[in-house]
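Asker: This is the structure I have questions about; it appears just below.
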Amino acid sequence: MHATPAQNWQVTGSYFEACNCEAICPCRRQGGQKLTNGSTYGVCEFALSWRITAGQLGATDLSGLSVVLAGRYRDDEAGKPWRVCLYVDERAAPAQHTALMGIFLGRCGGTPARNFANAITDVYEVRRARIYLEHRPGRWFMRAGTFVTVTGAVPVPSALPVSCGIPGHDHPGDEVRTEVMRVVDDQLRWDVQGRCGFATDFHYMSDPA
């Protein structure tokens, strides 16, 4: 599925992620500069979440829906290919489900494809799930059914602005230390405590016609 001029889209909202690296995550930029390379432990295991406050693809309204993406990659693999599961809000109607899948897997091009989704090589599953997100200071939380649980509470101080490429480096935000990141799915399984997270807002859109 690729966006066409009749399928212009945009989604805006809040973003919260966690991974198994130590804070501040080596993938971040601090003060606009990337200070380190590679994951803390050579394998990045992550869970990413987006709450859409306003959005649409063509005539399909996406406002109020949420998406979670869990996956991993290895630093020693060429191109660091991502292998992922996508969890789509169970409240989404069929057209909304298709739109969210296309946008957040990068199949509609646009910002997600540029920021992260071109790294996705394997999609193990796309599942409907009951998603619950808290995206506010002191209340960072992510749940997708029984598959993904993340809690995070402690901000990590930084003298410089911190940004992440997934929402976009023009959206600096808050580095946090998560309490728990747990993913339990057929192909993806881990449970770590006291690792890194990041919270900000996002604005993704289709490529110009």
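The values are calculated or read from the model by the stated rules, or taken from the named source; none is laboratory data. Only a predicted model underlies this, so the values are computations on that prediction, with no experimental measurement involved. A quick note on method: Cβ atoms are made from the backbone with ideal geometry, for glycine too, and the neighbour counts reach across all protein chains shown. The accessibility values were calculated without ligands, DNA or RNA, using every heavy atom of the protein model including side chains. Shrake-Rupley method; radii C 1.70, N 1.55, O 1.52, S 1.80 Å.
Asker: What pairs can you find where one residue is in the range 86-109 and under 14 Å from ARG128 (Cα atoms), the other is among the basic types (Lys, Arg) and assigned to a loop (DSSP other than H, G, I, E, B), and their Cβ atoms are less than 9 Å apart, with a gap of 6+ or different chains?
Answerer: What qualifies is ASP89/ARG130; GLU90/ARG130; ARG91/ARG130; MET101/ARG107.
Asker: When ARG128 is evaluated against the numbered criteria (1) open to solvent by 70 Å² or more (accessible area, probe 1.4 Å); (2) without any contact (Cβ under 8 Å) to a residue 24 or more places away in the chain; (3) under 15 Å from VAL84 (Cα atoms), which criterion, by number, is the only one it fails?
Answerer: (2)
Asker: Residue under question is LYS80, and the condition is that it be out of contact with any helix residue (DSSP H, G or I) (no Cβ under 8 Å at 6 or more places or on another chain) and either open to solvent by 20 Å² or more (accessible area, probe 1.4 Å) or over 21 Å from SER163 (Cα atoms) (or both); does it hold?
Answerer: No; evaluated as a whole, the condition is false for this residue.
Asker: Turning to a different aspect of this structure: Would you check which residues across the range 133-162 are surrounded by 14 or more Cβ atoms within 10 Å (Cβ to Cβ), of a type outside the set (Asp, Glu) and closer than 13 Å to TRP50 by Cα and list them?
Answerer: LEU133, HIS135, TRP140, PHE141, MET142, ARG143, ALA144
Asker: Of (1) within 22 Å of GLY197 (Cα to Cα); (2) surrounded by fewer than 18 Cβ atoms within 10 Å (Cβ to Cβ); (3) modelled with pLDDT of 95 or more, ASP122 satisfies all except one. Which?
Answerer: Here ASP122 clears every test but (1).
Asker: In this structure, is GLU179 at pLDDT 95 or above and open to solvent by 80 Å² or more (accessible area, probe 1.4 Å)?
Answerer: So GLU179 fits the description; yes.
Asker: For the range 144-159, check the following and say yes or no: at least one residue is farther than 21 Å from TRP82 by Cβ, under 16 Å from the mean Cα position of the chain (by Cα) and not basic (Lys, Arg).
Answerer: Among the residues of the range 144-159, at least one is farther than 21 Å from TRP82 by Cβ, under 16 Å from the mean Cα position of the chain (by Cα) and not basic (Lys, Arg), which makes the answer yes.
Asker: Now a separate question. Would you point out which residue out of ARG195, ARG189 is out of contact with any helix residue (DSSP H, G or I) (no Cβ under 9 Å at 6 or more places or on another chain), of a type in the set (Lys, Arg), without any contact (Cβ under 8 Å) to a residue 40 or more places away in the chain and at negative phi?
Answerer: ARG189
Asker: What do you reckon, is GLY168 touching a Cys at 6+ places or on another chain (Cβ under 7 Å), open to solvent by less than 10 Å² (accessible area, probe 1.4 Å) and within 27 Å of PRO208 (Cβ to Cβ)?
Answerer: Judged against the criteria, GLY168 is not a match.
Asker: Next up: Condition check: part of a loop (DSSP other than H, G, I, E, B) and surrounded by fewer than 24 Cβ atoms within 10 Å (Cβ to Cβ). Does THR36 satisfy that?
Answerer: Criteria met by THR36.
Asker: Quick one: in the range 1-23, which of the residues that are modelled with pLDDT of 95 or more and β-branched (Val, Ile, Thr) is most open to solvent (accessible area, probe 1.4 Å)?
Answerer: THR12
Asker: Those residues that are among the aliphatic types (A, V, I, L, M) and in contact with a Gly (Cβ under 8 Å, 6 or more places away or on another chain), I need them from the range 70-98; list them, please.
Answerer: VAL84
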